[in-house]
Amino acid sequence: MTQSHTEMDTPRPSRPAAHTVSTWALLVRRAVGAFLRQARTRGWSPAFPFRTPRGFRRGLAGIGRWLPVDRRSPSRLFCPTVDGQLEVRLLCFSSPFGKNYLAESAFLLKHTSARAARNLKAPPQLSHNVPHFNNSRGFPLIHYIGTQVAHGGQAVEVTAPDTSHYMLKLSYTSNTLATTTAEGAPGQAGATSPASQVAQQSANYPQPIGIIRAYPMSGGRVGLILDGTTNNVELTINPLPQPQKKGYAHSVAYGEALRNHILNIGQITVTSGEIGDILGFQTADLSGPLVADGTTSIDRIAFDAILPGASITTGGDVNTLDVLNGISLSGPGTGISIGRDLNLLNVGTNITLSNGANFLIGRNLGLVSQPPKGTGTGSNILSLNYTSVANSIVTVTIPSIGSFIQGNVIINPGSVFGIGANIYNNMYVEGSVSGFSRLFIFNGTAAQRNPPFQTSNVSASGSVTALGGETP
């Protein structure tokens, strides 16, 4: 019971709440009123816009000029009742937790797998207003790599089995300056010279030279063939974001939980033998052969990891070999074979050689100091962590390094880590060396022997302490 408008004490019966059917009646009354006003002011012909050919093409949308601005459907309009309050609406959502949202949240925070959230539809995988598509059989699984050519063959888009996307593209290198004036004179990092370590870009070719082809391989891997590349062209491997389709902004892609955003490359063949850089430092693993047997130098080869079954074969120098995680080589005929010098070796964890896999450097390790490239470190990594001191009493010189291995070096029986000539910049290993008797300098010559192994940075007088021996 409510009071009357005159605020008298005599009560009157309260009116029931507005029903959903009254919403249609309200819309019809508004449409009729708009129609009569247009007929009175503009005549009968303009009052029938749907009688024109354009109105017929638009269908019922032609009546939209009569309706109110609110484009919600009548079933979604919230109409106030007589007492000014909105009508009661219930959330049509079923959950084993009912309305206990804290219990549901506690369950999902404890069981963090995407499957639990998908089963509870919290958040929903498909919102209520997404465009319709036929999903009667569920989302299809991708068993092989998908490829699509881009930029006329200078790039290729790759879709991995975990539905992550990558762009593999050829472009010009960034002419890195050398850190020493002449090859063979190991210099301290930071002293640059005008000499460039990679070939200069030719003005006759405004676009990168060469094309790239990609083919699916077993195990969800991709095989690459590079045609016509030169030593000032680089291959970059970058991830692409997931495409956001219109109407799916409030939908959750639970497949993201299965993506590791690492592309598994099963083969890279450089048919010309020349390439400037192969860059996949945080985006690609190598699990098969990489062959670039040209005599020109390669400025940088960078991978997230080098897996068992992989091999790298080059005919010339490699200035920098960067591996974010580890190198694990296993099996006869596999391993890393550098044609001439390897100037810098960066490995984030362990180097493991087993079952006949070898790591062979044709000439020298650390002959020319290298600057930092990309997100990798350079030959001056030790000077970044130690302060140089120079006075009349103590003089300390921080050496450049030819290898920075942040884990262990494990050389199992049947495998060899061989350096054809000498170690110029220090071979720095933060962990232990297992199988030191299978680590050689002057490998394959009469002077073959185990190299001195750096066990500490500098002594009090500033000289490097180098000892030989096997760490158990």
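The values are calculated or read from the model by the stated rules, or taken from the named source; none is laboratory data. All values derive from a computational prediction rather than experimental measurement. Neighbour counts are summed over all protein chains in view; Cβ atoms, including those assigned to glycine, are modelled from backbone coordinates with ideal geometry.
Whether a residue is buried (at least 17 other Cβ atoms within 10 Å of the Cβ), under 19 Å from the mean Cα position of the chain (by Cα) and in the same structural domain as Phe417 (by TED's automatic domain parsing) was assessed, and Asp317 does not pass this test. Go through the stretch 265-291 and report how many residues are within 20 Å of Leu329 (Cβ to Cβ), buried (at least 20 other Cβ atoms within 10 Å of the Cβ) and aliphatic (A, V, I, L, M). Looking only at that region, the number is 6.
The set of residues from the stretch 341-380 being more than 20 Å from Gly444 (Cβ to Cβ), of a type in the set (Gly, Ala, Ser) and surrounded by 20 or more Cβ atoms within 10 Å (Cβ to Cβ) comprises Ser369, Gly376, Gly378, Ser379. What's the total number of residues in the stretch 400-417 that are touching a residue at least 40 places away in the same chain (Cβ under 8 Å) and surrounded by fewer than 20 Cβ atoms within 10 Å (Cβ to Cβ)? Final tally of qualifying residues: 7. Could you go through the stretch 283-300 and let me know if any residue there is outside any helix (DSSP H, G or I), on the phi > 0 side of the Ramachandran plot and outside the structural domain of Thr112 (by TED's automatic domain parsing). Within the stretch 283-300 (the criterion being outside any helix (DSSP H, G or I), on the phi > 0 side of the Ramachandran plot and outside the structural domain of Thr112 (by TED's automatic domain parsing)), the answer is no, since none of the residues qualifies. Please go through the stretch 310-333 and give me each residue that is under 22 Å from Thr283 (Cβ atoms) and either part of a loop (DSSP other than H, G, I, E, B) or among the basic types (Lys, Arg) (or both), ordered by number. Result: Ala310, Leu324, Asn325, Gly326.
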